[in-house]
Amino acid sequence: MLEVSGLTKRFGGLLAVADVSLRVPEGGIVALVGPNGAGKTTLFAMVSGFIAPDSGSVAFAGEEITGLPPHLICAKGLVRTFQVVQPFGRLSVCENIAVGAHLHLAGRKEALERAREVAEKVGMGPLLDRRAQALTVAGRKRLELARALATAPRLLLLDEVMAGLNPTEMGAMIDVVKAIRDMGVTVFLIEHVMQAVASLAERVYVLNQGRLIADGAPGEIARTPAVIEAYLGHGAAARMVAQAVEASR
Amino acid sequence: MARLGIAGGMIVALAVPYLIRSDFWLGFLITVLLFAAMGMAWNVLGGYAGQFSFGHAAFFGTGAYASAILHIGFGLNPWLGLAAAAVAGGLVGLVIGTLSFRYGLRGSYFALITLAFAEVLRILANTAEFTGGGVGLYVPLKVGVANLQFESKLGYYYVALGFTVLSLGVGWALERSRLGARLMAIRENEDAARALGVDTFMCKLQAIVISGALTGLGGAFYTQYYLYIDPGIAYGPGVSVEILLVPIIGGLGTVFGPLLGSAVLHGAGELARRLVGDAPGLSLIFYGALLVIMVRFLPEGLMGLVWRLSRRRERAANA
């Protein structure tokens with residue numbers, strides 16, 4: 001579904017994303033994890049057309065989309081959400097979602113109708129007439145998701161939809177993401193919350209300082225020394241092994 | 001309920017000239033209607049799409065000169081001149097929009113560039129031969145409906161009313177269209193709109209062309225009404241400010257805001273003139289003060305106030 005190869009982006013002297021290649025197969029949920037500043041959001045921004053890469057390419061459903069503007073990429077069925085939620089504050093929840101629905105529906109009535117259906121799906125039915133700026137953090141995260149979903153995407157890029165949610169809200173959000181996958185939408189998500197990653201993703205890519213350092217099933221990568229070092233500091237893996245050996249003595 | 005109100009309003013608007021039979025007040029109403037219509041034109045770009053223009057005189061003046069020049073120089077019928085003025089205003093919108101939106105100008109930068117365009121056009125109109133330079137252009141007096149010149153203010157009143165209905169109708173249709181939804185999305189958050197597949201450049205361009213065309217129409221009406229146009233009137237900052245104040249006072253991004261705003265602005269202006277007298281430049285001071293007050297205390301305009309009060313009454317009724 002998504003094929004990224006050799007993607008690179010520099011900001012001045014900083015190598016934000018360095019030669020990253022990855023694949024997201026159709027129908028699955030793939031996660032991208034890594035410490036703060038690893039380049040995850042920059043990678044998403046390049047895939048969705050918000051930032052032009054310095055080199056490398058992005059292919060979506062077998063078609064090269066590198067360098068296309070965001071609205072054309074969205075029209076092809078690849079849509080992103082934002083880490084920092086970006087609601088249309090003074091519009092109602094229904095109107096917010098309808099903007100996404102308008103991608104394929106020209107009529108106002110049809111788009112609002114579609115928006116109501118989507119809101120129902122993500123559990124926002126009772127909030128339809130609420131102004132977006134009056135929503136809670138959890139509500140805004142859902143709205144972000146609902147708007148993206150209303151464009152009828154084939155691939156959804158979710159940038160930290162769990163951040164700032166309490167455990168109950170997170171459980172609900174995990175269910176929503178699973179439901180989206182079950183509707184046939186491929187999901188590629190950035191996530192810090194490991195519990196969410198473990199229960200959602202089939203495959204995980206780990207990014208650190210712009211480079212991919214590991215990939216595999218969620219259980220596997222948690223035991224990879226490079227990943228432990230990226231999160232806990234240089235030498236951490238060796239210390240942990242030493243401690244484990246110590247403890248088993 | 002709303003439809004009934006609109007129908008009632010229309011009947012009153014049609015009957016008004018027979019009720020008030022005063023040339024002065026009819027003239028006042030013509031000004032109110034003209035600026036309500038142009039205020040809505042500004043509203044399409046500023047209120048719905050959130051792109052504040054400080055140079056709508058660029059469209060107004062171009063429409064005014066287009067109809068005057070085509071009529072005087074080429075004998076074009078002034079009714080067709082209205083259409084030509086709309087096209088000219090739309091073209092100026094296309095040029096300004098392409099140049100500024102292509103390079104991502106937003107907020108105060110966009111406001112400044114529109115102001116600059118209007119000023120450049122004013123200076124050009126001042127020096128060019130075919131605009132009559134600083135002297136301006138006089139439209140020859142040939143009274144007749146076919147010539148869009150009327151004996152009394154009555155005819156102008158109905159033309160202005162038609163213009164206002166057209167302009168508010170455009171706003172009404174916009175609120176119920178995909179373009180309108182996209183413009184409001186751009187106003188609220190441009191990046192989020194782009195992520196949801198909105199071609200923000202094309203949408204903003206459509207908005208400025210519609211806005212420019214309607215404002216150009218207003219310019220042509222002005223020419224036929226006063227039969228005179230000069231660079232200061234056509235492209236001066238006074239017109240730009242007056243056009244943008246109307247929806248800001250009335251309510252940005254609303255259909256009836258411009259009508260309400262225009263009535264209040266010109267009503268208050270008339271009152272000020274009577275109280276203090278008419279000194280040159282006084283109206284600009286008055287407009288400036290009004291703008292500060294509105295932005296500070298009523299950023300949602302009078303329509304926002306009406307809306308808030310009706311909500312409060314509703315809540316009180318429910319409690």
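For A:Tyr205, are the conditions met, namely being aromatic (Phe, Trp, Tyr) and buried (at least 22 other Cβ atoms within 10 Å of the Cβ)? When the stated conditions are applied, A:Tyr205 passes them. Among the criteria (1) at pLDDT 85 or above; (2) outside any helix (DSSP H, G or I); (3) open to solvent by 20 Å² or more (accessible area, probe 1.4 Å), the one B:Ala263 does not fulfil is (2).
Once region B:194-218 is narrowed to residues that are in a helix (DSSP H, G or I) and facing another protein chain (nearest Cβ under 7 Å), the residue that is most open to solvent (accessible area, probe 1.4 Å) is B:Arg194. Scanning region B:144-178 for residues that are open to solvent by less than 20 Å² (accessible area, probe 1.4 Å) and at positive phi turns up just one, B:Leu148. For B:Ser240, the conditions (1) away from every other protein chain (no Cβ under 14 Å); (2) open to solvent by 10 Å² or more (accessible area, probe 1.4 Å) are fulfilled apart from (2).
Go through A:Ile73, A:Ile29, A:Ile51 for me and flag whichever is within 14 Å of chain B (Cβ to nearest Cβ), aliphatic (A, V, I, L, M) and crowded, with 21+ Cβ neighbours inside 10 Å.
Numbers: A:Ile29 fails: within 14 Å of chain B (Cβ to nearest Cβ); A:Ile51 fails: crowded, with 21+ Cβ neighbours inside 10 Å.
The unique qualifying residue is A:Ile73.
Listed by first and then second residue, the pairs with beta-carbon distance under 8 Å, at least 6 apart or on different chains, first residue in region B:122-142 and at positive phi, second aromatic (Phe, Trp, Tyr), are B:Gly136/B:Tyr228.
The listed residues are B:Ala181, B:Ala118, and the only one of them that is within 14 Å of chain A (Cβ to nearest Cβ), open to solvent by less than 10 Å² (accessible area, probe 1.4 Å), closer than 21 Å to B:Phe101 by Cα and part of a helix (DSSP H, G or I) turns out to be B:Ala181. Cβ-Cβ contacts under 8 Å between residues 6 or more apart (or on different chains), taken from a first residue in region B:174-186 that is under 14 Å from A:His104 (Cα atoms) to a second residue that is charged (D, E, K, R), are listed as B:Ser177/A:Arg108; B:Arg178/A:Arg108; B:Ala181/A:Glu95; B:Ala181/A:Arg108.
Results for (1) in a helix (DSSP H, G or I); (2) more than 28 Å from B:Arg178 (Cβ to Cβ), shown as yes or no for each residue.
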| site | (1), (2) |
| --- | --- |
| B:Val44 | yes, no |
| B:Ser53 | no, no |
| B:Gly63 | yes, no |
| B:Leu70 | yes, yes |
| B:Gly73 | yes, yes |
| B:Gly89 | yes, no |
| B:Asn126 | yes, yes |
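Within region A:128-151, take every residue that is more than 15 Å from B:Ala195 (Cα to Cα) and outside any helix (DSSP H, G or I) and give me the one that is farthest from the other protein chains (Cβ to nearest Cβ). In this case the residue turns out to be A:Thr136. Across region A:83-110, the number of residues qualifying as crowded, with 24+ Cβ neighbours inside 10 Å and within 7 Å of chain B (Cβ to nearest Cβ) comes to 5. Which ones in region A:65-81 are in contact (Cβ under 8 Å) with a residue 24 or more places away in the chain, part of a loop (DSSP other than H, G, I, E, B) and touching a strand residue (DSSP E or B) at 6+ places or on another chain (Cβ under 6 Å)? Result: A:Thr81, single match.
A count restricted to region A:233-249 and to residues that are out of contact with any helix residue (DSSP H, G or I) (no Cβ under 8 Å at 6 or more places or on another chain) and either under 17 Å from A:His192 (Cα atoms) or part of a loop (DSSP other than H, G, I, E, B) (or both) stands at 3. Scanning region A:111-140 for residues that are surrounded by fewer than 16 Cβ atoms within 10 Å (Cβ to Cβ), free of Cβ contacts under 8 Å to residues at least 24 places away in the same chain and under 26 Å from A:Asp182 (Cα atoms) yields A:Glu113, A:Glu117, A:Glu120, A:Gly125, A:Pro126.
Residues to consider are A:Arg147, A:Arg211; find the one that is basic (Lys, Arg), touching a helix residue (DSSP H, G or I) at 6+ places or on another chain (Cβ under 8 Å) and either open to solvent by less than 70 Å² (accessible area, probe 1.4 Å) or within 20 Å of A:Arg23 (Cβ to Cβ) (or both).
Details: A:Arg211 fails: touching a helix residue (DSSP H, G or I) at 6+ places or on another chain (Cβ under 8 Å).
Sole residue among the options that is basic (Lys, Arg), touching a helix residue (DSSP H, G or I) at 6+ places or on another chain (Cβ under 8 Å) and either open to solvent by less than 70 Å² (accessible area, probe 1.4 Å) or within 20 Å of A:Arg23 (Cβ to Cβ) (or both): A:Arg147.
The values are calculated or read from the model by the stated rules, or taken from the named source; none is laboratory data. Note that this is a predicted model, so its numbers are computed, not measured. Using ideal geometry, Cβ is built from the backbone for each residue, glycine included, and neighbour counts are taken over all protein chains shown. All accessible areas refer to the heavy atoms of the entire protein, side chains included, with ligands and DNA or RNA removed. Shrake-Rupley method; radii C 1.70, N 1.55, O 1.52, S 1.80 Å.
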